[in-house]
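Peer 1: Sharing a structure, written as structure tokens. Questions coming.
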Amino acid sequence: MPKMRAAQVTKPGGPFEIVEREIPSPGAGQVLIKVQACGICHSDSLVKEGHFPGIQYPRVPGHEAVGVVEAVGAGVTQWKPGQRVGVGWHGYHCGSCNNCRSGDFFGCTVNLQFTGLHFDGGYAEYMVAPAVAVALVPDELNPVEAAPLMCAGITTYNALRNSGARGGDLVGVLGLGGLGHLGVQYAVKMGFNTVAIARGQDKAALAKKLGAAHYIDSQTQDPAAELQKLGGAKVIIATVTNGDAMGAVQGGLGVNGTMLVIGAVQSLAVQPMFMLMGRRAVKGWYSGTAMDSQDTLKFSVLSGVRSMNETYPLAKVNEAYERMESGKARFRVVLTM
């Protein structure tokens with residue numbers, strides 16, 4: 001049987017191990033993908049450290065996978081060998097529960113699955129994915145460019161396009177890291193009056209390069225007060241993983257403003273009276289389905305939005321993961337096969 005290399009986690013907290021496996025065959029309703037690149041996301045720590053309940057080990061993480069369809073299983077008619085595709089976080093939904101029937105596939109209550117958690121992901125030379133999880137990748141994006149857009153891209157783009165903000169509205173992006181540097185670009189290209197908020201004056205030049213109209217240094221300025229000076233934000237998209245940093249910008253929301261939380265934090269203090277008196281809101285946002293990924297990729301091509309990446313070969317997966325965890329990556333880390 002033909003073999004492939006894969007980077008697997010065999011136990012919570014253990015290192016990635018490069019192993020040789022048989023190339024899997026797609027079952028009914030599945031697609032076999034020859035992976036070319038896979039982004040490393042902070043959410044991969046759920047597998048690496050065992051923070052997600054019910055994970056079966058060994059497990060191959062990776063939900064920012066891009067490659068080429070190698071084969072399809074029985075009943076798959078929408079995909080064919082040779083197509084360039086990607087697979088993101090949303091791996092599967094039942095299609096028959098009340099939430100799925102309402103189009104809220106992210107809320108599936110019967111068989112919701114996440115790529116790289118419920119089934120093996122893209123830290124490998126080949127992977128099998130449900131056909132419903134697969135998105136078409138435009139020819140204009142190479143694999144390394146496309147991979148981070150399958151999670152970091154879709155999460156920021158999909159949140160912003162569903163935020164209720166309209167062209168010209170004041171929109172703040174909290175954080176200029178892996179998600180934030182994409183969020184600023186998308187906000188600018190959508191026509192928002194974009195404010196980048198981060199720590200340190202050294203990031204001001206980056207904010208300007210990405211197109212932000214304003215930059216707020218949260219180390220030396222009160223971000224909430226600065227946003228109010230600009231008229232109050234219609235939307236603040238919070239990409240950081242620090243609850244205190246999120247709490248510090250809430251006061252910058254304008255009347256009817258919404259803070260969209262896409263960075264995973266353990267807790268977040270909300271100011272009830274401030275929310276109540278201005279009819280403001282704090283809301284979470286789930287990344288999206290394969291069609292949302294496809295929309296993200298198309299918009300990125302149309303508008304010129306690109307992720308800034310550091311690449312590592314699969315053999316250096318442990319070094320690449322540590323680079324991501326250190327917070328020093330500029331700005332996404334991508335494995336190449």
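The values are calculated or read from the model by the stated rules, or taken from the named source; none is laboratory data. This one's a predicted model, so the numbers in the text were calculated from it and none came from an experiment. Don't worry about glycine lacking a Cβ; one is built from the backbone with ideal geometry, like all the others, and counts go over all protein chains shown. In case anyone asks, the SASA skips ligands and DNA or RNA and just uses the protein heavy atoms, side chains included. Shrake-Rupley method; radii C 1.70, N 1.55, O 1.52, S 1.80 Å.
Peer 1: Which of the numbered conditions does residue 281 fail, given that it passes all the others? Conditions: (1) modelled with pLDDT of 95 or more; (2) crowded, with 17+ Cβ neighbours inside 10 Å.
Peer 2: Here residue 281 meets the rest and fails (2).
Peer 1: Taking only pairs six or more apart or across chains, which ones have beta-carbon atoms under 8 Å, a first residue in the stretch 18-30 that is farther than 21 Å from residue 86 by Cβ, and a second residue that is loosely packed, with under 14 Cβ neighbours inside 10 Å?
Peer 2: Listed pairs, sorted by first residue: 18/315; 20/3; 21/3; 22/1; 22/2; 22/3; 28/74; 28/75.
Residue-by-condition table, conditions (1) surrounded by fewer than 17 Cβ atoms within 10 Å (Cβ to Cβ); (2) β-branched (Val, Ile, Thr):
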position	(1), (2)
233	no, no
236	no, yes
239	no, yes
258	no, yes
261	no, yes
268	no, no
277	yes, no
285	no, no
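Peer 1: Which of the residues that make up the stretch 246-256 are in contact (Cβ under 8 Å) with a residue 40 or more places away in the chain and either crowded, with 21+ Cβ neighbours inside 10 Å or of a type in the set (Val, Ile, Thr) (or both)?
Peer 2: Once the filter is applied, which keeps residues that are in contact (Cβ under 8 Å) with a residue 40 or more places away in the chain and either crowded, with 21+ Cβ neighbours inside 10 Å or of a type in the set (Val, Ile, Thr) (or both), the stretch 246-256 yields 246, 249, 252.
Peer 1: Using the structure shown, decide if residue 139 is at pLDDT 95 or above, surrounded by 17 or more Cβ atoms within 10 Å (Cβ to Cβ) and of a type in the set (Asp, Glu).
Peer 2: no
Peer 1: Please determine whether any residue of the stretch 279-298 is farther than 20 Å from residue 143 by Cα and aliphatic (A, V, I, L, M).
Peer 2: Yes, the stretch 279-298 contains at least one residue that is farther than 20 Å from residue 143 by Cα and aliphatic (A, V, I, L, M).
Peer 1: Identify, from the list 258, 296, 311, the residue that is modelled with pLDDT of 95 or more and closer than 30 Å to residue 17 by Cβ.
Peer 2: On inspection, the qualifying residue turns out to be 311.
Peer 1: Could you tell me whether residue 115 is modelled with pLDDT of 95 or more, hydroxyl-bearing (Ser, Thr, Tyr) and either in contact with a His (Cβ under 7 Å, 6 or more places away or on another chain) or open to solvent by less than 10 Å² (accessible area, probe 1.4 Å) (or both)?
Peer 2: Taking the combined requirement at face value, the residue satisfies it.
Peer 1: Counting just the residues of the stretch 206-222 that are touching a helix residue (DSSP H, G or I) at 6+ places or on another chain (Cβ under 6 Å) and open to solvent by 10 Å² or more (accessible area, probe 1.4 Å), which one comes out nearest to residue 170 (Cα to Cα)?
Peer 2: Per the criteria, the residue is 212.
Peer 1: Only one of (1) out of contact with any Asp or Glu (no Cβ under 6 Å at 6 or more places or on another chain); (2) touching a residue at least 60 places away in the same chain (Cβ under 8 Å) is not met by residue 329, so which one is it?
Peer 2: Every condition holds for residue 329 apart from (1).
Peer 1: Of all residues in the stretch 287-299, which are among the aliphatic types (A, V, I, L, M) and either surrounded by 22 or more Cβ atoms within 10 Å (Cβ to Cβ) or touching a His at 6+ places or on another chain (Cβ under 6 Å) (or both)? Give the steps one after another, and end with the answer.
Peer 2: In the first step, residues of the stretch 287-299 are kept if they are among the aliphatic types (A, V, I, L, M); the result is 290-291, 297.
290, 297, listed by residue number.
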